[in-house]
Amino acid sequence: MDPTDDRPTESVDKTHDRRGAPIDRPTSARDTALRYAETHISHVAVVFAFVLYPVVYSFLLGTPLGDEFAVLLPRIRTMIAVLYLGLFAMSFDFISGYTGYLSFGHAMFYGTGAYLVVMAANGKLPIVSPETPFFVLLLVAAALAGVLALAVGAVSFRLSGVYFAMITLGFAEVLHVFIQNWDRVSDNPRDGAAVTSPDGFELGVPGIDGLTFEIGRLVGDSVENAFGLGIDLSSAELSYYLIGAVVLVCYFALQRIIHSPFGRVLIAIRENEERARAVGYHTFFYKMGAFAIAGAFAAIAGGLYAGYRRSVAPESTFDLFVTADALLASIIGGFGTLAGPLYGHLFHETLSGILSTDSDGLARYLRETIPQSVLEAELVGIEVLRLVNVLIDGRAELYLGMIFILFVLFVPRGLLGSVRDRLGGTVSEVVAMRVRQWRKNR
Amino acid sequence: MTLLRLDNVHASYGQSTVLQGVSLEIEAGEVVALIGRNGVGKTTTIRSILGLTPPSSGTVQFRDGDITGMETHDIAQRGIGWVPEDRRMFSNLTVDENIRIATPNPANVPDAFETAYSTFPELTEHRKKPAGDLSGGQQQMVAIARGLVGDNDLLLVDEPSEGLAPLIVDAVAEAIETVSQEATVLLVEQNFPLAMELADRYYLLAHGTVVDSGSTEGVSRDDEMIRRHLSA
Amino acid sequence: MIADVTALSTAIGLTQLPLLTDVTIGIARVVLDGLSKAALFVLIASGLSLIFGLMGILNFAHGSLTMIGAYLGGVVMVVTVTSDTAGPTRLLLFFLAIAAVFGALTAFGAAMERTIIRPIYDRAPLFQILLTFGVVLVLDELVRIIVEFRGLQPQSDWQAAIGTAPDSLSTWYDVAGVSIRGLYLFEIAIGAAVVAAIYLFLTRTRYGLYIRAGSEDPEMTQALGIDIRRAFTVVFGIGAGLAGVAGVMLMWDPRYGASVPLGVETLLIGFIVVIIGGLGSFKGTVVASLLAGGTDATMTWVFQNHVPFPGLPEMVLFVVLVGVLIVRPQGLFGLAEVGGH
């Protein structure tokens, strides 16, 4: 499925790379450090782009084309959703894209994390007190979801293919119905629950007061003149950076696992489970491990969601369509690429933002900029205004569905997968190679 | 008249190439045996003719037409029948239904029943039973009967004696002999004496290609080529 | 001691212990409700079952097709029925709506198979799940657009369509000491009729023979000169048409009604029934419908009388699904080898 990924059988040869070219060994400690830096150039560039985004965004909105940029570019608030749902999609890709087992009930782990955070904060849970620091809550959520994944996996991994997808969906739906009716959640569990305390959840460097801030919509901290650098951060921007930092750490953790021997076995399972078993791997335990890891990170994503939004509802956590969001992100971004789902979800949120009914959506922009005479004119017998309202206003899901089908049919490797095919390797490898050549030829 | 002609047929399953240039000819009315060790490509040759494993190169001609790359059902409709290895019963369908589905024209079903049950009287009492409930020998009869009622000019018969008791093998051999009076037969058979007894000519396959061929008249297991490529 | 028992029963939600007469009436109630549920379940699941049986494709869009069937059926009824229309005429129009929706969705399903399903037969089963799921996203949203455009609320049931049912169906009848809505009896009749029709199609027609043979061994079927790809198109079409028929029936039922979420709701029911019965076995689908209908009715009764947890029937259905997959992954009547799909 993915010719660029490391195969366990091919790591024996230490003198040639996968494409058969001789590997030149590092000659000094400095060289080793440089090489390490080179392989992370693209990672640094991506992180940098995300870090700079709020600055660039507010700058572009100040230009004469500000209205247009406001329509096209996702808001900071939207970017926060990109981060935590991107992490959720990555955790989905970790199990489904790498082992080939479609975790169709993945939303149950996201929901577990989200509900744990809100219910703990409201003092509805035993052991976990309302005063528990947020990052500890995230770890507890991860552990709980990991255990849940092991329980679900112990049963589900006896099956494969469609059956695995169905049984995980079955488990998720049991929990979905349960959470809709569990009166411990709130007086009206069908509508979910909100955090009752007025304080925001805190993220930052643990133990250092000055570097810990409250996140959250409406309640989050804002910072003036951060670190004496003259930078002002709005509460949305601060939440964006703090949540972004957690997601970044999670991404690197997942990436390390994928590139470890453990990760190579997962890929071997996807390519040919029989063979992996014949080679001597006890694939069941590898799948269980991967599922627990995926569940844990999905719960962290759900915890971040709950920490920022400060409320949870069954349809935005345990629902089949939450899993569908991860599915969309993975397919569009690139199945089995880990980073791809983040870009896939960025694409999703950008399109949703453009087609949203909000003040910086395309529909409202068109209604305000197109002359009244044109809006009232008729196109194929229907008023233009009505066409705008019906075809553009809040219609992202329709076009996303169509794009999704086209990707499944014609771009099954997704955006990042296709880029890797074109380059002949992962972006970080290819960038590192180019830089090394450039260094040599200088 | 040459009924079937394979010319340099190559075929593979995914990465592994099985047929590496098989050429053979079958005249109308003949019974031709395809012999060779396990895994040399006998079944794959049959699958290539039927388009189930389409040739990657080379051509298959049936009567005067080129059938290479055609859809399996088109090839079958031209008059090629298949009596597959392991018999491949529709086990949930009754014996009657197995015969019915093999009959191309619904109007001819009564005739097909007549043909099938006069050839294999033993099946008559099991007509309404699911084919999966029959014995191995009876299932082989149904498989042959399916080939028989399909208006086929050529029957591809794969390992008909495999896994059957000696007494049943005799009955099956007799059935093939009966069949061969109506149609041309390409027979894959592990049982060497049986193959030689039933066939007019043979092709010997090794490593995905034809290494020897000739009349079955007076051929013995001790012949140099046959011993080298057949004995284990 | 007695105080202990009371405390315990309160703790586990038992409010009172049932009396004997209650039990007999309870059983009759459960049997009738169970049958009406089973009839709906088998309507919902049979198309899904046929398609998976022949082609090994689990059609995620099945629920959306049911939902579209409900709306289309509703359109036919709302347009043709006025307040003066007599009961028998309404029933006649209902059967007309079933025929029209079956025809329209069969054509739609066949077109869908030819255009987007056919190119992915050779890919991993994963892609078939993904593709049909993409169809769900598009269809649900398209319906939402049209429904909103027409000034209806996509989230809640279409009351005008429910109102086209004849009065005789909303009347309550006394059967075996239990009063039951006429509609539920009608649903039992329709469900039985559809099961009989599918059974006759599968066993008495040549195409049914192709389908049963193709479900077992597509290669052998092709080698007998049968164009299995065309059978795929036909079966996918019929499966979609049956989904639509289920939708028309649900359009009249106040427990369901035409709404966009009906798609996912019925899809999950369809999955439960088809998997419990064994993917690809029509007999299994019928038996599983009865089992699921009975379970649903029993749990509804338990909820109404003893355990105050509203999600109970639905949750128990999923628990049954998970239980069956653990004990017998291929389902009650499924063939073991289909498990590889």
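A few points about this structure:
- Simple spin-label estimate for B:SER57 and C:ASN305 in nanometres, 7 Å along Cα-Cβ: 7.7
- Placing pseudo-labels 7 Å out from each Cα toward the beta carbon at C:SER179 and A:VAL249 gives an inter-label distance of 6.4 nm.
- Averaged over the residues of peptide C:322-333, the number of Cβ atoms from other protein chains lying within 10 Å of each residue's Cβ is 3.
- Peptides A:383-391, B:205-213, A:171-179 ranked from most to least packed give A:171-179, B:205-213, A:383-391, packing being the mean of other C-beta atoms within 10 angstrom over each peptide's residues.
- Site pair B:SER118 and B:ASP74 shows an inter-label distance of 3.6 nm when each label is modelled 7 Å from Cα along Cα→Cβ.
- When you filter the trypsin sites (Lys or Arg not before Pro) in the range C:142-216 for DSSP loop state and at most 13 other Cβ atoms inside 10 Å of their Cβ, you are left with C:ARG150.
- Net +/- balance of residues flanking A:MET288 in space, Cβ distance below 15 Å, scoring K and R +1, D and E -1: +2
- Ordered by the number of other Cβ atoms lying within 10 Å of each residue's own Cβ, fewest first, B:PHE62, A:PHE135, A:PHE92, C:PHE201 fall into the sequence C:PHE201, A:PHE135, B:PHE62, A:PHE92.
- All other residues whose Cβ lies under 14 angstrom from that of A:SER235 are scored, Lys and Arg at +1 and Asp and Glu at -1, for a net of -2.
- Efficiency of FRET between C:ALA28 and B:ASP86 - r from beta-carbon atoms, R0 51 angstrom, step 0.05: 0.50
- The range C:219-341 - percent relative contact order, Cα under 8 Å, separation 6 or more: 22
- Altogether, the Stokes-Einstein calculation at 25 °C and 0.890 mPa s, with the Kirkwood radius of the range B:65-213 over Cα pairs as Rh, returns a diffusion coefficient of 154 µm²/s.
- Across q = 0.07, 0.08 Å⁻¹, the range C:21-327 modelled as identical point scatterers on its alpha-carbon atoms has Debye log10 I(q)/I(0) values of -0.27, -0.35, in the order of the q list.
- Extension gain, A:VAL205 back to A:VAL223 (0.36 nm per residue minus Cα-Cα distance, nm): 4.9 nm
- For the segment C:238-248, counting C-beta atoms of other chains within 10 Å of every residue's C-beta and taking the mean gives 0.
- Using R0 = 25 Å, the C-beta based FRET efficiency linking C:TRP172 and C:LEU200 works out to 0.15.
- Bridging of A:LYS440 to aspartates and glutamates at a Cα separation below 19 Å is possible for A:ASP17, A:ASP24, A:ASP31, A:GLU38, A:GLU429, once same-chain residues fewer than 8 apart are set aside.
- Where Rh is the Kirkwood radius over Cα pairs, Rg/Rh for the protein assembly as shown: 1.02
- Neighbour-count order for A:ASP187, A:ASP393, fewest beta carbons within 10 angstrom listed first: A:ASP187, A:ASP393
- Note on chain C: dipole from Cβ charges, positive end direction compared against C:VAL286, C:VAL175, C:GLY263; the farthest Cα belongs to C:VAL286.
- Screening chain A for DSSP H helices whose Cα atoms reach 30 Å or more along their own axis and whose mean Kyte hydropathy is at least 1.0 gives A:41-62, A:76-99, A:134-156, A:161-181, A:235-259.
- Rounded to the nearest 20 debye, dipole of the protein assembly as shown from Cβ charges on Lys, Arg, Asp, Glu: 1660
- Order by protection proxy (mean Cβ within 10 Å, highest first), peptides B:135-141, A:301-307: A:301-307, B:135-141
- Exposure proxy order (Cβ contacts within 10 Å, fewest to most) of C:PHE232, C:PHE95: C:PHE95, C:PHE232
- With a Förster radius of 22 Å applied to the beta-carbon distance between A:ARG184 and A:THR132, the computed FRET efficiency rounds to 0.80.
- Chain C, relative contact order [Cα under 8 Å, separation at least 6], %: 36
- With a cut-off of 12 Å between beta carbons, the residues surrounding B:ASN108 carry a summed charge of -2, where Lys and Arg count +1 and Asp and Glu -1.
- Largest-first principal axis extents, alpha carbons of the range A:78-314, Å: 60, 45, 31
- Averaged over the residues of C:309-321, the number of partner chain Cβ atoms lying within 10 Å of the residue Cβ comes to 5.
No value in this document is a laboratory result; all are computed from the given coordinates. None of the values given here were measured: they were computed from a predicted structure. Here the Cβ is made from the backbone with ideal geometry for all residues, glycine too, and neighbour counts use every protein chain on show.
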